[in-house]
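The values are calculated or read from the model by the stated rules, or taken from the named source; none is laboratory data. This one's a predicted model, so the numbers in the text were calculated from it and none came from an experiment. Virtual Cβ from ideal backbone geometry, glycine too; neighbours counted across all protein chains shown. In case anyone asks, the SASA skips ligands and DNA or RNA and just uses the protein heavy atoms, side chains included. Shrake-Rupley method; radii C 1.70, N 1.55, O 1.52, S 1.80 Å.
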Amino acid sequence: MQLYLPIADVPVNVFLILAMGAAVGFVSGMFGIGGGFLMTPLLIFVGIAPAVAVASVASHIAASSFSGALSYWRKRAIDPALALVLLSGGICGTALGVWTFTLLRSLGQLDLLIALSYVVLLSAVGALMFWEGFRAIMRTRRGVVVPMRRSGSHGWIHGLPLKMRFKRSKIYLSVIPVIAVGLIIGFIGAVMGIGGGFILVPIMIYLLRVPTSTVIGTSMVLTLVTMVFATMLHAITNHLVDAVLALILMVGGVTGAQFGARAGQKIRGEHLRLLLGLLILAVGIRFAIELVLRPDDLFTIRETGGAG
């Protein structure tokens with residue numbers, strides 16, 4: 001069944017979009033991530049303009065993060081103070097990202113930037129996650145026990161000024177790296193249409209030493225607010241949010257996430273990291289192939305909005 005998308009300006013198969021939403025929702029539920037890194041490329045691969053895909057997926061990520069954040073809030077697994085400091089940087093990063101997005105779109109370089117960003121970011125992150133998961137599996141098979149890092153250990157980041165005590169997470173940390181992390185995640189999310197959870201969570205655990213008990217819920221709060229803000233800015237400044245597309249994706253995503261969460265509970269953590277690394281790496285390689293392949297249409301005509 002074909003449905004015309006008013007903002008994307010293309011007809012799509014409703015069942016295909018629903019299936020994509022369900023598949024990404026399944027992956028999101030299994031790995032505990034937003035899924036934007038997978039949804040945006042899939043939409044681009046089926047013919048949705050990159051600018052519309054990025055802007056529309058932001059609302060899908062926000063909806064997915066809301067239910068997750070609400071669940072973690074009830075479990076008291078969110079650090080409100082840490083979330084507020086992250087958001088102070090995240091909102092600024094999102095605004096800067098949307099401004100960059102608009103500028104590059106006016107210059108005609110947006111599609112190239114999105115493709116290159118996915119190739120570099122996903123290939124690097126996917127390769128690292130795959131290698132780390134593979135090493136963990138090999139250590140388990142050999143019976144090697146990895147010594148746990150002491151909770152009181154500190155790195156150079158913990159020596160920075162402007163420290164603040166985050167009571168829920170039980171850490172005493174400078175707000176400078178926290179704001180910087182929020183800024184980067186907000187910028188990436190606005191430009192690439194990803195929640196950034198697969199980047200944010202490892203940074204908070206391994207760099208900022210945030211306990212795993214609060215890291216996922218707190219990261220979901222950042223994703224929720226920044227993606228809502230990005231959706232509003234994209235809708236107001238660029239008019240690229242396709243509500244019909246976002247609604248279909250949400251229906252499929254919510255359904256798939258329920259099954260993914262159950263499947264994820266039956267798989268070991270190192271195997272999950274290995275599978276996620278492979279998935280992220282595959283998407284990055286797919287984008288790289290798209291960049292070097294000869295396009296079917298050598299020339300395209302696009303309305304730029306200039307007055308004649």
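Here is how the numbers come out for the structure above:
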| quantity | calculated |
| --- | --- |
| Tabulated pairs, the stretch 46-69, first on the phi > 0 side of the Ramachandran plot, second surrounded by fewer than 24 Cβ atoms within 10 Å (Cβ to Cβ) and not in a loop (DSSP other than H, G, I, E, B), C-beta under 7 angstrom, 6+ apart or interchain | Gly47/Val10 |
| Val57 vs. criteria modelled with pLDDT of 75 or more, under 16 Å from Met192 (Cβ atoms), in a helix (DSSP H, G or I) and out of contact with any His (no Cβ under 9 Å at 6 or more places or on another chain) | yes |
| Tally of residues being open to solvent by 10 Å² or more (accessible area, probe 1.4 Å) and either touching a Phe, Trp or Tyr at 6+ places or on another chain (Cβ under 9 Å) or among the basic types (Lys, Arg) (or both) across the stretch 63-79 | 3 |
| Residue match in the stretch 93-114 (condition: open to solvent by 10 Å² or more (accessible area, probe 1.4 Å), closer than 20 Å to Asp242 by Cβ, modelled with pLDDT under 80 and assigned to a helix (DSSP H, G or I)) | yes |
| Enumeration of residues in the stretch 186-208 that are open to solvent by 40 Å² or more (accessible area, probe 1.4 Å) and within 19 Å of Leu128 (Cβ to Cβ) | Pro202, Ile203, Ile205, Tyr206, Leu207 |
| Residue in the stretch 32-42 that is open to solvent by 40 Å² or more (accessible area, probe 1.4 Å) and assigned to a loop (DSSP other than H, G, I, E, B) present | yes |
| Qualifying position, being touching a helix residue (DSSP H, G or I) at 6+ places or on another chain (Cβ under 8 Å) and either small (Gly, Ala, Ser) or farther than 23 Å from Val210 by Cα (or both), among Ile48, Ile78 | Ile48 |
| Test result for Leu183, at pLDDT 80 or above, part of a helix (DSSP H, G or I), closer than 27 Å to Phe287 by Cβ and open to solvent by less than 10 Å² (accessible area, probe 1.4 Å) | no |
| Out of Ser64, Ser88, sole residue that is in a helix (DSSP H, G or I), more than 23 Å from Val12 (Cβ to Cβ) and in contact with a Gly (Cβ under 8 Å, 6 or more places away or on another chain) | Ser88 |
| Test: Gly253 is modelled with pLDDT under 80 and touching a His at 6+ places or on another chain (Cβ under 8 Å) | yes |
| Residue match in the stretch 81-88 (condition: open to solvent by 30 Å² or more (accessible area, probe 1.4 Å), under 18 Å from Gly195 (Cβ atoms), at pLDDT 80 or above and not small (Gly, Ala, Ser)) | no |
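This table checks each residue for (1) at pLDDT 80 or above; (2) more than 16 Å from the chain's Cα centre (by Cα).
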site	(1), (2)
Gly193	no, no
Val201	no, no
Met204	yes, no
Leu247	yes, yes
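Results for (1) touching a Ser or Thr at 6+ places or on another chain (Cβ under 7 Å); (2) of a type outside the set (Lys, Arg), shown as yes or no for each residue.
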residue	(1), (2)
Pro6	no, yes
Val10	no, yes
Pro41	no, yes
Phe45	no, yes
Ala58	yes, yes
Phe66	no, yes
Arg76	no, no
Leu84	no, yes
